[in-house]
Amino acid sequence: MGDSQVTIKLTSDEALVLSDWLEKLQMTDLSRVVDDPAVWAPIHRIAGTLDKSLAGLFAPDYDQRLEAARRRLRPEEG
């Protein structure tokens, strides 16, 4: 089972929002959030994969793109 892989598919909006959140998570005192050090390997791998996949991470309008993605992903209030 150790060699099998799992594929996760995300929309570009989901990937952008998750990438931003993971970046913030990695900048915090992670021991307060994650109590098992084994969790860090997959978190870093996911974050790295997202960073390589998202072309707009360093775009001048990144903040606007991120906020637009967040708006689209939030449930509509009704």
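Quick notes
- Flag for A41 being farther than 19 Å from D63 by Cβ and of a type outside the set (V, I, T): yes
- Cβ pairs under 9 Å, 6+ apart, first in segment 34-48 and part of a helix (DSSP H, G or I), second open to solvent by 40 Å² or more (accessible area, probe 1.4 Å) and of a type in the set (G, A, S): P37/S31
- Close pairs from segment 50-67: first under 12 Å from V17 (Cα atoms), partner of a type in the set (V, I, T), Cβ under 8 Å, at least 6 apart: L66/V17
- Residue match in segment 15-22 (condition: open to solvent by 60 Å² or more (accessible area, probe 1.4 Å) and at pLDDT below 95): yes
- Within segment 25-78, tally of residues that are among the hydroxyl-bearing types (S, T, Y) and either surrounded by 12 or more Cβ atoms within 10 Å (Cβ to Cβ) or under 14 Å from D13 (Cβ atoms) (or both): 3
The values are calculated or read from the model by the stated rules, or taken from the named source; none is laboratory data. Remember, predicted model here, so these are calculated numbers, not experimental data. Backbone-built Cβ (ideal geometry, glycine too); neighbour counts: all protein chains shown. In case anyone asks, the SASA skips ligands and DNA or RNA and just uses the protein heavy atoms, side chains included. Shrake-Rupley method; radii C 1.70, N 1.55, O 1.52, S 1.80 Å.
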